[in-house]
Amino acid sequence: MCATHPGRFVAGVKRANGFAMKILYHHRTRATDAQKVHILEMIEAFRSIGHEVTVASLVETQNKPQDPEREARDATWKVLVRKIPFAYELVQLGYNLIGIPWLLYRIRRTGVDLVYERYALLNFSAVCAAWLAGKPVVLEVNSPLALEQTREKETRAGRFASWTERLICNAATKVVVVSGPLRRIMIQSGVEPSKLFLLPNGVNLKRFDVAQDVGALRNSLGIGSRIVIGFVGWFRPWHGLEFLLDAFRKSSLSGNAVLLLIGDGPVMPQLKAYVEKTGLQHSVVFAGPVSHEEIPRYVKLIDIAVQPAANEYCCPMKILEYMGLAKAIVAPRQENIEELLENGRNALLFQPGNAESLSRALVSLTTQPELRAQIGSRALRTIHERGFLWESNARKVSELLCSNPTVMAYD
């Protein structure tokens, strides 16, 4: 049985490798794009190993068809409040006035054993409600939001945000972080190392079992028989898409290969202008925004999947999805990426920001079909060898809690 604390935690439903828990999953997000995938996959994974999960969120969290164009835009309330100094921060803090009593009510009503929360900036709700109810709370941190939003000038209260982030993380029972660099950033910001548990993102291979023929899609996009170099995601400045276009142009592969860009976003006009200016119209295909449900069909077209840029602390979900689809991957050689990929074995890694380095990697994979096949096969094998699966992640969280008596209660 999971370790317990008298009067605090009881888990008595038998499952395959221990006991099931009642979990309250709380998030304060729009649940769009990668966020939605992460949330739904973890909920499903917890349920698949025997836990009972109740979702607490002000927005509907269901696996319904997505609206890619809507998800590429900021929420209306953010656009409005950012025009007023500190209104953005006050709105986020105000959520706690509703969130704490609401979550406390949900915890007591449902008799949950664990509160699991996707971290949001200035959100004390879960740690406060869990403390008042005497329940453990696991905080899932996907990025250092205080640092990130200060960098991107989304918050005017950077120091206050950093202080609250440190306070919230130290108040949690455990904090799940998705990369080694993120763990280091959290420690440097004052989070206790013993609180942190490294757990990279995962993939659900069942969702990528695409059996249908994509010949019609290939023809509709005008790809023909050319090798496809592809990118999937939102087109934002930090994703390095103009850099990818520059590297593709320098590779001189436009006759044998096509660059397929799947998605949309604020830098689309600049990308199209670059393509027009450099005469790449017949070699670059903009597929437009595609729902997550349709992405596997589009990615099946791709021979070489590219992650042109990534911040230093993320765990790119797209890389794991490329791996799950056995794609030959090209990505920047940096610490968080090398936690997932090994240069020359399951990917080709290039010097970050170096177009010549990226170009050479693209040429190598385009001109060597055997190398593409080997790297793609090893990428898929890595998923299984290292357990980069959502269900594995759910099991690791469960085992973390069940193996440590001090984790399962507030003292």
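Some observations on this one:
- Selection from region 253-271 of residues that are within 17 Å of Asp303 (Cα to Cα) and either surrounded by fewer than 15 Cβ atoms within 10 Å (Cβ to Cβ) or outside the structural domain of Val285 (by TED's automatic domain parsing) (or both): Gly255, Asn256
- When we screen Glu192, Glu148, Glu154 for residues that are more than 30 Å from Gln351 (Cβ to Cβ), outside the structural domain of Val299 (by TED's automatic domain parsing) and acidic (Asp, Glu), the only hit is Glu192.
- Residue in region 176-205 that is nearest to Glu44 (Cα to Cα), counting only those that are surrounded by 22 or more Cβ atoms within 10 Å (Cβ to Cβ) and without any contact (Cβ under 8 Å) to a residue 60 or more places away in the chain: Val177
- Just one of the numbered conditions (1) in a helix (DSSP H, G or I); (2) within 24 Å of Thr366 (Cβ to Cβ); (3) not polar (S, T, N, Q) is not true of Pro269: (2).
- Number of the exception - Ala347 against (1) of a type in the set (A, V, I, L, M); (2) crowded, with 23+ Cβ neighbours inside 10 Å; (3) over 22 Å from Leu259 (Cβ atoms): (3)
- Within the set Ala305, Ala331, Ala361, Ala309, the sole residue that is surrounded by 21 or more Cβ atoms within 10 Å (Cβ to Cβ), in contact with a Gly (Cβ under 6 Å, 6 or more places away or on another chain) and among the hydrophobic types (A, V, I, L, M, F, W, C) turns out to be Ala305.
- Within the option set Glu342, Glu321, being over 22 Å from Tyr298 (Cα atoms) and either basic (Lys, Arg) or outside the structural domain of His38 (by TED's automatic domain parsing) (or both) holds for one residue only, Glu342.
- Search result, residues across region 367-382 that are touching a helix residue (DSSP H, G or I) at 6+ places or on another chain (Cβ under 8 Å), surrounded by fewer than 21 Cβ atoms within 10 Å (Cβ to Cβ) and among the β-branched types (Val, Ile, Thr): Thr382
- Matching residues, region 230-257, being outside any loop (DSSP other than H, G, I, E, B), of a type in the set (Gly, Ala, Ser) and under 26 Å from the mean Cα position of the chain (by Cα): Gly230, Ala247
- Qualifying residue in region 56-73 (condition: modelled with pLDDT of 90 or more, under 29 Å from Val191 (Cα atoms) and surrounded by fewer than 21 Cβ atoms within 10 Å (Cβ to Cβ)): yes
- Residue satisfying all of: in region 24-48; modelled with pLDDT of 95 or more and of a type in the set (A, V, I, L, M, F, W, C); nearest to Val112 (Cα to Cα) among these: Leu24
- Residues in region 260-275 that are without any contact (Cβ under 8 Å) to a residue 24 or more places away in the chain and closer than 18 Å to Ile223 by Cα: Lys272 alone.
The values are calculated or read from the model by the stated rules, or taken from the named source; none is laboratory data. If you're wondering where the values come from, they're calculated on a predicted model, not measured in any experiment. Reconstructed Cβ throughout: ideal geometry from the backbone, glycine too, with neighbour counts over all protein chains shown.
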